[in-house]
Amino acid sequence: MTTTSTPTVSPEGTRAFPRRWPRVAAAGVVTALAVLTTVPDRLGGLDRWTPFAQIVAFRPYVVVVVGLLGLVALVATVFRRRFWPFAAGLLVVAVAGAALVVPRLVPDPPPPAGAPTLTVLAFNVYEGRADPAAVAAAIRAERPDLVALPEAGARYAGRIEALVGPLGYRAQASTSPRVRDVDGVTVLVAPRLGAVDITIGDDMTVPDLQVSGGALGAVRFVAVHPRSPRLSRADEWRDDVARLATWCAGPAPTVVAGDLNATLDHSVLREATRGCGDAAVRRGQGLTPTWGPWGRTLGPQIDHVLATAGIEAESVRFLTLPGSDHRAVLARLALPTGPQSSSTGSASTP
């Protein structure tokens, strides 16, 4: 006669999962929130919409916060093992986010020496409030070939040209004196570029300026200012940023400069600028803030100097000028050499 024994289940075992599932569910919710705030651009382009368009601009800082929270949870597991789902979820998200932003701190190899160069300054003058004398002093000290001034209309252009005109700089605004400075863009052209052509584009909400000819040769320069991603203007922002593809995907060697109101963490900017490289990223400075509500020391990099293939970044610096909530981007670019671009050699001397 054989007997069979029935396995026993301890009361603790039957209650283990019911006790655990609220904790696991809570960890899942925390991890999901971390994903939404850290990588919304990887979730079907969620970053194209408010509030994720604003949140993803601060991804480098969000990664730090999520990582610190993950480390706190990891330390807490020493005393309470129940915190391990929180630690695991947060640290995985932090590592994924860091993998997206850390490469911008690694510079590319420097361009070959001896190439003709073009020095570009981009500076949002904050509704025309930036001190014209300070801007003129920076131009006098750095002698850029081209200056892009978003939020500078005809009135600000007149003020700055009066100060740098004696240096031979020519100013052109994209709007008339009847339009507010905030709705315009101004370009300053150094005398060494010669007789360039400046045209006003109307593809963006704020008219852009395109500079060509003269000592630029085959290279063209575009000064732009897409709208910011505010709730009431999110559609304009997406459309404006997407139009950057007009120049980045075009056949002509092109430099695009200005306040783009987007970072490389925005999927719409990455898609629109696939044919361009960012000068700051090329020099390992792709996380340097250019705008911020905390004195520009913490914030996103929304001001850019972009260039199509063949135009390399030789150096990038950031200038703090009074009267604006932005920092200026000063980029020295090495231009391509060859039959079509040989005339650019006179743009700027090393």
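The values are calculated or read from the model by the stated rules, or taken from the named source; none is laboratory data. Values in this document were obtained by computation on a predicted structure and should not be read as measured data. All Cβ positions, even for glycine, are placed from backbone atoms using ideal geometry, and neighbour counts span all protein chains on display. The area values use the complete protein model at the heavy-atom level, side chains included, leaving out ligands, DNA and RNA. Shrake-Rupley method; radii C 1.70, N 1.55, O 1.52, S 1.80 Å.
Going by Cα centres, segment 173-202 and segment 53-85 are how many Å apart?
47
Which trypsin sites (Lys or Arg not before Pro) in segment 215-300 sit in a loop by DSSP (not H, G, I, E or B) and have at most 13 other Cβ atoms within 10 Å of their own Cβ?
ARG230, ARG274
For segment 59-198, what is the accessible area per residue in Å² when the probe is 1.4 Å?
46
Just the number, please: carbon plus sulfur as a percent of the accessible area of the chain, 1.4 Å probe, no ligands or DNA/RNA counted.
C and S fraction of accessible area: 61 percent.
Can you give me the pair-distance distribution of segment 13-97, C-alpha pairs, 5 Å bins, whole percents?
The distribution over segment 13-97 is 3, 16, 22, 20, 16, 11, 7, 4, 1, 0, given as percents.
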